[in-house]
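The values are calculated or read from the model by the stated rules, or taken from the named source; none is laboratory data. Because the structure is a prediction, the values reported are computed rather than measured. A quick note on method: Cβ atoms are made from the backbone with ideal geometry, for glycine too, and the neighbour counts reach across all protein chains shown.
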Amino acid sequence: MKIKRVKATTIGALVVVFAAILMAVVPSLLATHDPLEMDMVHKLQGPSAAHWLGTDEYGRDLWSRIVYGARTTVAVGFGSAALSALLGIPVGLIAGYAGGITDNIIMRFMDACQAFPSILLAILVITILEPSAVSLIITISIVSFPAFARIVRSNVLSLKKREFVEAARAFGANRLYIMFRTILPNCISAITVEFSLLAATAILLEAGMSFLGLGIQPPKPAWGSMLSYANQYLNQSVNYMLVPTITIFLVVLSVNLVGDALRDWFDPMKLK
């Protein structure tokens, strides 16, 4: 019955997300040119048979650079979401299950993390670690993991008094078993939704940081840095600006739509 409720927009979003992942995994099969190959004779050209999306200021093929740039974007987006989950889930479990002063201390620390301006924190971490995909993943994860902690904590608070948890206690299960084997599996739906939405946010943050020069450094292709350089040639080639802009927009929108679809899928109030 659920399959009939899948909307066309969700299917389209899944196709875009799958295409982005495919580009990240096997870029050499999809790219038509070497993303670093320069051709100054054909710089800042519009779409053509030779260059499907046109060329940049060095005559490099934009389609190929978009394809190879997907590797960084997908790695940072999903890598940041995964690391945020790895950090946030145990924190949320401990805070929600322990309660009391432990919960208050942990949550106030989460408040402090979220209150600190993310861009300033990103600049600090990137300055220490130097710009790279790994630095971006660490930076975005530090900014984002409190959201995971809050989601898990709220679920734990509603679950820890349920009958199946009380039954586990009655059978002599220790706290770790109850938290990770009894409560955590019942939080998977909320975690899955948060993961997908955070991946979209991480993709935007990666693009923004690369745009500011804090992300992937040239000549390696990255969608944010492509947008930054395209801004300098807006009067000469609008196409150069549109290509990375539309790509970022479509991927972020699609990941968000998939996250919304997952939220609807797991929401029992919408299962009719």
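Brief remarks follow.
- Verdict on V74 being among the β-branched types (V, I, T) and either closer than 19 Å to I203 by Cβ or in a loop (DSSP other than H, G, I, E, B) (or both): yes
- Residue that is farthest from the chain's Cα centre (by Cα), among those in the range 136-168 that are among the aliphatic types (A, V, I, L, M) and over 30 Å from G215 (Cβ atoms): A167
- Top-ranked residue in the range 233-267 [being over 22 Å from the mean Cα position of the chain (by Cα) and in contact (Cβ under 8 Å) with a residue 40 or more places away in the chain; ranked as surrounded by the fewest Cβ atoms within 10 Å (Cβ to Cβ)]: Q236
- Residue count for the range 99-139, restricted to those that are modelled with pLDDT of 85 or more and touching a Ser or Thr at 6+ places or on another chain (Cβ under 9 Å): 2
- Odd one out for S84 among (1) modelled with pLDDT of 90 or more; (2) over 30 Å from L157 (Cβ atoms); (3) of a type outside the set (D, E, K, R); (4) in contact with a Phe, Trp or Tyr (Cβ under 7 Å, 6 or more places away or on another chain): (2)
- Residue in the range 226-236 that is out of contact with any Leu (no Cβ under 7 Å at 6 or more places or on another chain), outside any helix (DSSP H, G or I) and not β-branched (V, I, T) present: yes
- Residues that are surrounded by 16 or more Cβ atoms within 10 Å (Cβ to Cβ), over 29 Å from the mean Cα position of the chain (by Cα) and small (G, A, S), drawn from the range 35-60: G59
- Qualifying positions in the range 149-196 - assigned to a helix (DSSP H, G or I), under 19 Å from N104 (Cβ atoms) and touching a residue at least 24 places away in the same chain (Cβ under 8 Å): A149, R150, I151, V152, R153, S154, N155, V156, L157, R175, M179
- Considered as a group, the residues in the range 1-34 that are β-branched (V, I, T), modelled with pLDDT of 90 or more and closer than 17 Å to V252 by Cα include one that is surrounded by the most Cβ atoms within 10 Å (Cβ to Cβ), and that residue is V17.
- Condition met for I106 (over 29 Å from F249 (Cα atoms) and crowded, with 17+ Cβ neighbours inside 10 Å): yes
- Unmet requirement for S135, which otherwise passes all of (1) surrounded by 20 or more Cβ atoms within 10 Å (Cβ to Cβ); (2) in contact (Cβ under 8 Å) with a residue 60 or more places away in the chain: (2)
- Failed condition for A199, given (1) without any contact (Cβ under 8 Å) to a residue 12 or more places away in the chain; (2) part of a helix (DSSP H, G or I): (1)
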